[in-house]
Amino acid sequence: MLKMMTYFQGLSGHQSVPVILDFPRSPQKLQSTSEAESETSMSEASSEDLVPALEAGAALYREEEKAAKKKEKKSKGLANVFSVFTKGKKKKGQPSSAEPEDAAGSRQGLDGPMPTVEELKAALERGRLEAARPLLALERELATAAAGGASAEELVRRQSKVEALYELLRDQVLGVLRRPLEAAPERLRQALAVVAEQEREDRQAAAAGPGTSALATTRPRRWLQLWRRGVAEAAEERMGGRPAEGAEVPEGVFLHMGRTMKEDLEAVVERLKPLFPAEFGVVAAYAESYHQHFAAHVAATAQFELCERDAFMLLVWVQNLYPNDILNSPKLVGELQGVGLGSLLPPKQIRLLEATFLSNEAANVKELMTRALELEAQRWAEDVPPQRLDGHCHSELAIDIIQIISQAQAKAESITLDLGSQIRQVLLAELLAFLRSYQHDFNEFLERGKRLRSYRANVIANINNCLSFRTSMEQKWQVPQDTLSLLLGPLGELKSHGFSTLLQSLCEDLKPLFKRFSHTRWAVPMETLEKIIATVGVRLPEFSELQDCFQEELMEAVHLHLVKEYIIQLSKRRLVLKTAEQQQQLAAHILANADAIQHFCTEHGSRATWLQPALRTLAEIVRLQDPSAIKIEVATYATCYPDFSKGHLSAILAIKGNLSNSDVKSIRSILDVSTGAQEPSRPLFSLIKVG
């Protein structure tokens with residue numbers, strides 16, 4: 001039912017795939033960028049007249065290039081260029097590629113003669129990034145010439161050549177940084193050192209101010225910013241790729257983006273971070289770019305009217321998978337803590353999605369439970385016998401309902417635990433409504449289905465359902481006590497009505513036997529009770545398909561019925577004994593009968609120990625002759641059975657024919673100060689009507 005585990009496995013259970021962090025940029029884009037850079041730089045020139053002159057100089061430079069190619073002569077200076085483009089050891093006193101410009105600036109960036117523009121161009125076209133240092137020296141030389149009063153035409157011509165070389169260098173450097181995992185570590189370090197050096201030059205130029213030079217303003221070049229833009233383009237290309245064939249949409253799209261982001265950022269942490277200078281913030285740059293693309297896609301998806309499945313998937317990613325399985329994954333959590341990526345959606349939109357989710361789930365749960373009850377009631381009406389499981393009648397209804405509730409709970413918790421807490425109250429309210437409907441439909445079945453062959457078996461199966469419901473509420477769902485009482489109410493009524501139905505025929509069989517007590521004026525009470533107990537014993541196997549705990553509860557109901565019917569016969573007012581001897585003899589019979597009932601019921605599973613004093617105390621009241629002693633017994637009895645009324649007491653005292661009216665009135669008055677106003681926890685005398 002849930003797709004959450006699929007997403008999780010897609011993130012953490014995949015095979016390792018080499019990740020190429022690519023910064024794709026077409027030649028047209030590069031050209032546009034170069035032109036944009038040039039336009040930006042020229043717009044900042046100190047003199048607008050230099051712009052057309054600079055363009056003319058660039059055209060002249062292109063003509064010189066063509067002429068140089070036709071000669072096809074190797075310059076002696078080219079050897080000097082290669083002598084300074086070392087790949088391993090550097091000459092003594094020569095700065096490394098990452099050496100601060102201050103250390104090398106005094107030497108113009110090179111040992112030996114300065115290479116020509118043509119030599120630098122040839123080196124850059126072959127990807128020799130070592131040419132960056134002499135190019136920087138050439139740029140500084142140009143500034144010196146401008147300060148020395150060189151002509152504007154000469155400055156334009158020379159600056160055009162320098163800027164053309166910088167375009168070549170920029171494309172080479174950014175080309176390396178666009179696919180950093182494909183580059184050799186040393187070449188990557190060279191490219192990073194060039195960018196770092198250019199950033200230092202930008203800062204120096206900013207600190208020096210615009211000045212009064214006739215040169216066009218070309219700084220800041222902002223190569224670090226260009227690199228970050230390339231990172232964003234790479235993230236967009238990687239995240240926007242097509243998911244694997246057969247992947248469902250949009251689940252497959254989100255899984256692709258989540259897996260790609262996690263794998264790529266792990267590659268950045270493991271392979272790029274050790275090579276990049278700290279000022280680049282390489283992990284933060286990639287993480288922010290990937291996050292922005294992911295968040296933009298999520299926001300775009302959230303704008304649509306989502307079906308329930310897609311809304312749930314969106315919440316799972318926003319609230320669970322993205323923060324927990326990507327941002328807080330073991331390899332990334334330490335690196336991303338200070339980046340502050342935040343959530344994929346704003347809090348207000350998340351709350352709205354969660355409210356919609358809760359509403360949808362409540363409706364779904366209600367519909368599913370209603371349908372399950374309808375199918376169960378249909379089986380009752382069609383006289384379909386229940387299953388037998390371990391010797392007990394079994395219904396799938398409770399299992400179905402518990403599963404519906406549990407799945408909805410787990411679904412909410414798969415988003416956040418807080419949402420799981422919120423939905424719990426919603427689900428319990430729906431469960432209470434269902435249980436009331438269940439009780440109502442079951443009562444109708446009890447009335448209408450009496451002639452069906454599987455009637456008793458289905459009654460037993462539904463009583464057994466109460467155990468599954470009660471166990472889940474008390475142990476699995478940890479329902480608060482007040483809510484638990486509400487939920488158990490309908491189940492208690494269902495069980496009670498079920499017991500009454502199962503015991504109905506037995507009670508009818510026992511009714512004429514109990515009447516023998518009063519009809520024979522208690523002449524043979526032991527024989528009568530033995531027949532009653534024998535009748536019950538014969539019928540007990542009929543209830544063996546109840547769950548064990550309900551067999552015990554049913555036996556308690558039988559126990560209560562036997563005690564209640566016995567008291568009813570004592571209260572018939574047909575027996576009046578005027579001598580103490582007769583009263584003591586009857587009291588002895590009552591005690592013997594009470595012990596027999598208690599022994600039989602306890603032996604067959606009854607735990608109704610609260611019924612034990614019911615008959616024994618009445619026997620004591622019959623036996624006692626002293627009104628004061630009788631008062632004490634009555635007061636104690638009323639404490640045990642708060643529903644014991646004056647009417648019940650008068651019916652018992654009527655047996656004692658030797659009590660005066662004043663004695664009877666005095667004994668009855670004891671109930672005026674007793675706990676008679678207290679509600680009985682278990683009814684006994686409230687079930688007995690007296691005249």
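Between Lys572 and Thr144, what is the spin-label point distance in nm, taking each point 7 Å from the Cα along the Cα→C-beta axis?
Between Lys572 and Thr144, the simple spin-label model gives 13.5 nm.
Tell me, what is the per residue accessible area of region 152-229 in Å², probe radius 1.4 Å?
Working: 3240 Å² over 78 residues.
Ligands and nucleic acids excluded, the result is 42 Å² per residue.
Calculate, for region 346-502, the solvent-accessible area per residue in square angstrom, rolling a 1.4 angstrom probe over the heavy atoms of the protein chains.
Numbers: 7820 Å² over 157 residues.
About 50 Å² of surface per residue is accessible.
Between Ser518 and Arg242, with labels modelled 7 Å along Cα→Cβ, what's the label distance in nm to one decimal, could you check?
Taking the two extended label points, one gets 9.1 nm.
Quick one: which of 520-532, 429-441 comes out on top by average Cβ neighbours within 10 Å, and what's the full order, highest first?
On the way: 520-532: 15.5, 429-441: 18.7.
Ranking, from highest mean packing down: 429-441, 520-532.
Sort 301-311, 163-173 by packing, meaning the average of other beta carbons within 10 Å per residue, with the highest value first. Numbers along the way, then the final one.
Details: 301-311: 13.7, 163-173: 21.0.
Put in order of decreasing packing, that is 163-173, 301-311.
Quick one: which of Lys273/Lys348; Lys161/Lys273; Lys495/Lys646; Lys564/Lys665; Lys331/Lys476; Lys511/Lys631 span more than 30 angstrom between C-alpha atoms?
Pairs exceeding 30 Å: Lys273/Lys348; Lys161/Lys273; Lys495/Lys646; Lys331/Lys476; Lys511/Lys631.
Between Cys507 and Lys665, take the C-beta separation as r, use R0 = 30 Å, and let me know the FRET efficiency to the nearest 0.05. Walk me through the numbers before you get to the answer.
On the way: r = 36 Å, r/R0 = 1.21.
Calculated value: 0.25.
Can you send over the carbon and sulfur percentage of the accessible area for region 449-537, probe radius 1.4 Å, protein chains only? Walk me through the numbers before you get to the answer.
Numbers: 2190 of 4370 Å².
In region 449-537, the share of accessible area belonging to carbon and sulfur is 50 percent.
What ranking do 536-548, 129-141 get when scored by the average of other Cβ atoms within 10 Å per residue, highest first? Could you put the intermediate results ahead of the total?
Values: 536-548: 15.7, 129-141: 21.6.
Going from most to least packed, we get 129-141, 536-548.
From Cα coordinates alone, what are the radius of gyration and Dmax values for region 355-475 in angstrom?
15.8, 51
Once the principal axes of the Cα atoms of region 435-592 are found, what is the range along each, listed largest first in whole angstroms?
Sorted largest first, the three principal extents are 62, 39, 24 Å.
Using a Förster distance of 60 angstrom, determine the FRET efficiency expected from the C-beta separation of Ala152 and Gln303, and round it to 0.05. Before the final figure, lay out the partial values.
Numbers: r = 56 Å, r/R0 = 0.93.
The computed FRET efficiency comes out at 0.60.
Apply the Karplus parameterisation 6.51 cos²θ - 1.76 cosθ + 1.60, with θ equal to phi minus 60°, to every residue of region 351-358 and state each ³J(HN,Hα) to the nearest whole Hz, in sequence, with x for glycine and proline.
4, 5, 5, 5, 5, 5, 4, 4
Need the full-extension length gain, Ala206 to Gln478, defined as separation in residues times 0.36 nm minus the C-alpha distance. One decimal, nm.
Values: separation 272, 0.36 × 272 = 97.92 nm, distance 6.70 nm.
Here the answer is 91.2 nm.
Report the normalised scattering of region 283-435 as log10 I(q)/I(0) at q = 0.10, 0.11, 0.12 Å⁻¹, calculated by the Debye formula with identical scatterers on the alpha carbons.
Here log10 of I(q) over I(0) equals -0.51, -0.58, -0.65.
Run the simple label-point estimate for Gln378 and Arg682 please: 7 Å along Cα→C-beta, distance reported in nm.
Going by the 7 Å Cα→Cβ label model, 4.3 nm.
Please compute the length gained on full extension between Asp548 and Arg616, using 0.36 nm multiplied by the number of residues separating them and subtracting their Cα-Cα distance. Provide the component values of the computation, followed by the final result.
Working: separation 68, 0.36 × 68 = 24.48 nm, distance 2.92 nm.
That pair, Asp548 and Arg616, stretches by 21.6 nm at full extension.
The values are calculated or read from the model by the stated rules, or taken from the named source; none is laboratory data. Source: prediction; values computed, not measured. As a convention, Cβ positions derive from the backbone with ideal geometry for all residues, glycine included, and neighbour counts pool all protein chains shown. Please note that ligands, DNA and RNA were not included when accessible areas were found on the heavy atoms of the full protein model with its side chains. Shrake-Rupley method; radii C 1.70, N 1.55, O 1.52, S 1.80 Å.
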